[in-house]
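One structure coming up, written as structure tokens, with questions to follow.
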């Protein structure tokens, strides 16, 4: 009977301890210099959310490159290919803080839609319907959604021209 009470007391103590430890403690992440959509996308791409409140500043400073990479990837998904970011960590009262200063640069927009096809595809009515459904228009922001609609694995720039790399499909060769 006595050991049962001891186990019960220890379990209750641990339960109360764990519920008090996590109360109200979470990192504060502030994103400046980005519009609402870009800031939300950056926040969604940040992998630093998993760091505990008591993470040493030295470790957080080592994660600056990862934060920059996450912000860059989030920007590219919305057409900001020249985005730069400056993460600034500081210690708070109960948890660390991150101020992420964003300079998005000019958003890449479609200037001209010019798709070149081999003769066999040019006259294919089904392919022409698919191109019409893409809805690419001048001035439209280039996003990862547009790249995905085009079936491009990689988008690169060369002298202001977007070069898409289409995945190899051995069944259609």
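The values are calculated or read from the model by the stated rules, or taken from the named source; none is laboratory data. All values reported here derive from a predicted model rather than from experimental measurement. Every residue, glycine as well, gets a Cβ built from its backbone with ideal geometry; the counts of neighbours run over all protein chains shown.
Which ones in the stretch 48-74 are in contact with a strand residue (DSSP E or B) (Cβ under 8 Å, 6 or more places away or on another chain) and more than 22 Å from residue 25 (Cα to Cα)?
Residues satisfying the conditions are 68, 71, 72.
Also: Can you name the condition, by its number, that residue 79 falls short on among (1) at pLDDT 95 or above; (2) buried (at least 16 other Cβ atoms within 10 Å of the Cβ)?
For residue 79, the failing item is (1).
Yes/no matrix, rows are residues, columns are (1) modelled with pLDDT of 85 or more; (2) loosely packed, with under 10 Cβ neighbours inside 10 Å; (3) in a helix (DSSP H, G or I):
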| site | (1), (2), (3) |
| --- | --- |
| 11 | no, no, yes |
| 31 | yes, no, no |
| 37 | yes, yes, yes |
| 44 | yes, no, yes |
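Quick one: count up the residues across the stretch 93-106 that are surrounded by fewer than 17 Cβ atoms within 10 Å (Cβ to Cβ), under 19 Å from the mean Cα position of the chain (by Cα) and not in a strand (DSSP E or B).
Kept after step one, since they are surrounded by fewer than 17 Cβ atoms within 10 Å (Cβ to Cβ), are these residues of the stretch 93-106: 93-95, 97, 99, 101, 103, 105-106.
Imposing the further condition that a residue be under 19 Å from the mean Cα position of the chain (by Cα) reduces the set to 99, 101, 103, 105-106.
Next, from what is left, pick out any that are not in a strand (DSSP E or B): 105-106.
Residues meeting the conditions: 2.
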